[in-house]
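Student: The structure's right below; bear with me while I get my questions together.
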Amino acid sequence: MEFKLLPGGDITGEARVPGDKSISHRSIMLGALAEGVTRVSGFLEGEDALATVAAFRDMGVQIEGPEDGRVTIHGVGLNGLRAPERPLDLGNSGTSIRLLAGLLAGQPFSCDLTGDESLRGRPMGRVIDPLTLMGADIHGADGGRPPLHISGGKRLTGIRYDLPMASAQVKSCVLLAGLYASGTTSVTEPAPTRDHTERMLRGFGYDVTNRDGVISLAGGGSLQAAAIDVPADISSAAFFLVAASIAPGSDLLLTHVGINPTRIGVINILKLMGADITLRNQREVGGEPVADILVRHAPLRGIEIPQDQVPLAIDEFPALFIAAACAQGRTVLRGAGELRVKESDRIASMAEGLTTLGIHNEVLDDGIIIDGGTIGGGVIRTFHDHRIAMSFAIAALRAEEEIRVLDCDHVATSFPGFDALARGLGLQISAMTD
Ligand code: S3P
């Protein structure tokens with residue numbers, strides 16, 4: 001499937017984008033390991049989260065739905081998972097494979113974890129290393145990539161682990177393994193990353209502390225089922241925050257969006273660039289802060305992106321690069337080497353597309369320099385990466401000619417219905433099946 005986009009338009013109206021991907025994954029994982037029945041609403045019915053659902057079904061967990069965003073999980077308790085009969089296929093989902101590696105490392109059974117071509121190219125040494133230190137027996141293919149094989153029946157011991165990179169997936173992996181370890185498991189991170197695992201564990205009655213940045217839990221407790229209301233995903237909202245900011249005449253309200261402080265880099269960065277964004281009706285839903293976000297067109301200016309915002313906006317940089325392309329002046333991003341090991345090398349993928357559209361940019365090892373300019377038109381490759389596809393779709397709002405975005409099937413991993421929702425708000429997009 002590819003997107004065809006006519007140039008111009010504005011983004012106006014009200015919308016609720018699909019549920020948060022990170023929280024949806026965790027709701028299935030913790031719901032499965034809890035005692036009792038967990039009811040989830042607002043669940044993301046995207047392929048990544050569905051891969052997590054399928055994996056737990058393969059391990060004997062009864063899960064009803066999703067239907068209209070509602071899922072019911074019949075928890076089996078921390079020691080109730082059954083050995084899967086086949087390798088667990090996590091599709092495109094890095095979150096699934098890395099978090100599952102942690103919670104499966106201490107099981108009595110062995111298992112294999114694999115995924116699609118993109119996932120099989122992603123680094124797993126970052127989870128293999130700490131799990132091995134805890135006593136797990138886990139191996140990847142060449143260079144520590146999936147498939148992963150975990151030999152069961154190993155006794156895990158709590159460790160104190162200083163994360164070498166700012167990664168919520170690695171942090172969560174170690175903490176989930178810690179549920180099965182003797183003693184205390186602690187992690188520190190080089191910069192704060194999304195804390196949904198810690199929040200949800202607490203919501204399920206598990207004691208997780210954070211003392212001066214040392215995040216700890218003790219093994220051997222239990223999780224109690226809890227209701228979960230998944231907010232709309234700020235990472236999906238990001239495309240429309242940028243879209244409405246760059247397109248003259250736009251006026252958009254995004255409702256029920258998660259604004260966890262570890263996720264709001266995109267709002268902070270856009271505001272520094274001059275965006276007109278207002279948070280309304282701030283509230284807390286199930287331990288996660290939520291708001292309605294009003295965004296109107298505003299002229300943007302290029303900035304040096306502050307280092308402390310990088311982990312807080314890590315998934316939103318493809319969209320932010322489009323904002324930079326439409327801004328007056330130069331935007332500089334450094335310290336974002338993690339972008340190179342996402343669903344694609346997002347620095348290289350975005351640089352190629354920006355160049356195709358006539359936007360001058362310079363690639364750095366750990367970032368990019370983008371000079372705002374006039375967006376032309378052309379044919380864009382996405383490298384099987386959902387966020388690259390959606391970013392170049394919204395670029396059409398400021399393009400002078402038609403944009404074709406190739407290979408957009410992966411959009412369904414995080415944002416099913418993106419094209420219909422975007423069309424309803426004013427993007428001139430059509431999805432063409434080839
Ligand atoms: C996620 C963590 C981030 C993010 C990913 C989701 C999570 O990955 O990019 O989309 O749910 O924990 P890293 O931990 O690799 O930074």
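The values are calculated or read from the model by the stated rules, or taken from the named source; none is laboratory data. Just so it is clear, the structure is predicted and the values come from calculations on it, not from any experiment. A quick note on method: Cβ atoms are made from the backbone with ideal geometry, for glycine too, and the neighbour counts reach across all protein chains shown.
Student: Is it true that some residue in the range 103-123 is more than 25 Å from H196 (Cβ to Cβ), among the basic types (K, R) and buried (at least 16 other Cβ atoms within 10 Å of the Cβ)? Give the derivation first.
Tutor: The first filter runs over the range 103-123 and keeps only residues more than 25 Å from H196 (Cβ to Cβ), leaving 108-110, 112, 117, 120-121.
Of the ones still in play, those that are also among the basic types (K, R) are 120.
Applying the additional criterion that residues be buried (at least 16 other Cβ atoms within 10 Å of the Cβ) yields none.
Checked against the condition, which is being more than 25 Å from H196 (Cβ to Cβ), among the basic types (K, R) and buried (at least 16 other Cβ atoms within 10 Å of the Cβ), the range 103-123 yields no hits at all.
Student: Between S222, S186, which is away from the ligand (no atom under 16 Å from the Cβ), of a type in the set (G, A, S) and without any contact (Cβ under 8 Å) to a residue 60 or more places away in the chain? Please lay out each step first, then the result.
Tutor: Numbers: S222 fails: without any contact (Cβ under 8 Å) to a residue 60 or more places away in the chain.
Going through S222, S186 in turn, the sole match is S186.
Student: Within the range 285-301, which residues are surrounded by 21 or more Cβ atoms within 10 Å (Cβ to Cβ) and either in contact with a Ser or Thr (Cβ under 7 Å, 6 or more places away or on another chain) or in contact (Cβ under 8 Å) with a residue 60 or more places away in the chain (or both)?
Tutor: Residues satisfying the conditions are E288, V295, H297, L300.
Student: Moving to a separate point now. Based on what the data block shows, is S118 at pLDDT below 95 and either within 16 Å of the ligand (Cβ to nearest atom) or of a type in the set (K, R) (or both)? Outline the logic, then answer.
Tutor: Numbers: at pLDDT below 95: yes; either within 16 Å of the ligand (Cβ to nearest atom) or of a type in the set (K, R) (or both): yes.
Against the criterion (at pLDDT below 95 and either within 16 Å of the ligand (Cβ to nearest atom) or of a type in the set (K, R) (or both)), S118 qualifies.
Condition check ((1) closer than 21 Å to G140 by Cβ; (2) within 15 Å of the ligand (Cβ to nearest atom); (3) in contact with a helix residue (DSSP H, G or I) (Cβ under 9 Å, 6 or more places away or on another chain); (4) without any contact (Cβ under 8 Å) to a residue 40 or more places away in the chain) across all residues:
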{"site": "L5", "(1), (2), (3), (4)": "no, no, yes, no"}
{"site": "I11", "(1), (2), (3), (4)": "no, no, yes, no"}
{"site": "K21", "(1), (2), (3), (4)": "no, yes, yes, no"}
{"site": "L44", "(1), (2), (3), (4)": "no, yes, yes, no"}
{"site": "E47", "(1), (2), (3), (4)": "no, yes, yes, no"}
{"site": "P66", "(1), (2), (3), (4)": "no, no, yes, yes"}
{"site": "G75", "(1), (2), (3), (4)": "no, no, yes, no"}
{"site": "E85", "(1), (2), (3), (4)": "no, no, yes, yes"}
{"site": "S93", "(1), (2), (3), (4)": "yes, yes, yes, no"}
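Student: Which of the strands (runs of 3 or more DSSP E) found entirely inside the range 273-384 contain at least 3 residues meeting this: within 19 Å of the chain's Cα centre (by Cα)?
Tutor: 288-296
Student: It is to be established whether one or more residues within the range 341-362 are touching a helix residue (DSSP H, G or I) at 6+ places or on another chain (Cβ under 7 Å), of a type in the set (V, I, T), assigned by TED's automatic domain parsing to the domain that holds L312 and free of Cβ contacts under 8 Å to residues at least 60 places away in the same chain.
Tutor: Here is the first cut: in the range 341-362, the ones touching a helix residue (DSSP H, G or I) at 6+ places or on another chain (Cβ under 7 Å) are 343-344, 346-347, 349-350, 353-354, 357, 359, 361.
Retained after the next criterion (residues that are of a type in the set (V, I, T)): 347, 359.
Within this subset, residues satisfying the condition of being assigned by TED's automatic domain parsing to the domain that holds L312 are 347, 359.
Then drop every residue that is not free of Cβ contacts under 8 Å to residues at least 60 places away in the same chain, which leaves 347, 359.
Checked against the condition, which is being touching a helix residue (DSSP H, G or I) at 6+ places or on another chain (Cβ under 7 Å), of a type in the set (V, I, T), assigned by TED's automatic domain parsing to the domain that holds L312 and free of Cβ contacts under 8 Å to residues at least 60 places away in the same chain, the range 341-362 yields at least one hit.
Student: Give the residue, chosen from L99, L44, L30, L50, that is crowded, with 20+ Cβ neighbours inside 10 Å and either assigned by TED's automatic domain parsing to the domain that holds V379 or in a loop (DSSP other than H, G, I, E, B) (or both). Before you say what the answer is, go through the steps one by one.
Tutor: Values: L99 fails: either assigned by TED's automatic domain parsing to the domain that holds V379 or in a loop (DSSP other than H, G, I, E, B) (or both); L30 fails: either assigned by TED's automatic domain parsing to the domain that holds V379 or in a loop (DSSP other than H, G, I, E, B) (or both); L50 fails: either assigned by TED's automatic domain parsing to the domain that holds V379 or in a loop (DSSP other than H, G, I, E, B) (or both).
Sole residue among the options that is crowded, with 20+ Cβ neighbours inside 10 Å and either assigned by TED's automatic domain parsing to the domain that holds V379 or in a loop (DSSP other than H, G, I, E, B) (or both): L44.
Student: Restricting attention to the range 329-339, and to residues there that are touching a strand residue (DSSP E or B) at 6+ places or on another chain (Cβ under 6 Å) and farther than 14 Å from K271 by Cα, which single residue is farthest from the ligand (Cβ to nearest atom)?
Tutor: Going residue by residue through the range 329-339, those that are touching a strand residue (DSSP E or B) at 6+ places or on another chain (Cβ under 6 Å) are 329-334, 336.
Retained after the next criterion (residues that are farther than 14 Å from K271 by Cα): 329-330, 332-334, 336.
Numbers: G329: 28, R330: 26, V332: 21, L333: 15, R334: 17, A336: 11 Å.
Among those that are touching a strand residue (DSSP E or B) at 6+ places or on another chain (Cβ under 6 Å) and farther than 14 Å from K271 by Cα, it is G329.
Student: Within the range 333-358, which residues are buried (at least 23 other Cβ atoms within 10 Å of the Cβ) and over 25 Å from S96 (Cβ atoms)?
Tutor: Listed by number, the residues that qualify are L333, G353, L354, L357.
Student: For the range 359-403, what are the residues that are acidic (D, E) and surrounded by 16 or more Cβ atoms within 10 Å (Cβ to Cβ)? Spell out the reasoning first.
Tutor: Taking the range 359-403 first, the residues acidic (D, E) are 362, 365-366, 371, 385, 400-402.
Within the range 359-403, D371, D385 meet the criteria.
Student: Another question, then. Can you name the residue in the range 226-254 that is over 19 Å from the mean Cα position of the chain (by Cα) and among the hydroxyl-bearing types (S, T, Y) and, of all such residues, is surrounded by the fewest Cβ atoms within 10 Å (Cβ to Cβ)?
Tutor: Selected residue: S250.
Student: Picking from A325, A348, which residue would you name as being away from the ligand (no atom under 16 Å from the Cβ) and in contact with a Leu (Cβ under 8 Å, 6 or more places away or on another chain)?
Tutor: On the way: A348 fails: in contact with a Leu (Cβ under 8 Å, 6 or more places away or on another chain).
Exactly one of A325, A348 is away from the ligand (no atom under 16 Å from the Cβ) and in contact with a Leu (Cβ under 8 Å, 6 or more places away or on another chain), namely A325.
Student: Filter the range 78-89 down to the residues that are touching a strand residue (DSSP E or B) at 6+ places or on another chain (Cβ under 6 Å) and assigned to a loop (DSSP other than H, G, I, E, B) and list them by number. I'd like the intermediate steps shown before the answer.
Tutor: Start the filter on the range 78-89 by keeping residues that are touching a strand residue (DSSP E or B) at 6+ places or on another chain (Cβ under 6 Å), which leaves 84, 87-89.
Hits for the range 78-89 are P84, P87.
Student: So which residues in the range 129-168 are within 19 Å of L90 (Cβ to Cβ), surrounded by fewer than 22 Cβ atoms within 10 Å (Cβ to Cβ) and within 16 Å of the ligand (Cβ to nearest atom)?
Tutor: Passing the criteria: G140, G144, R145.
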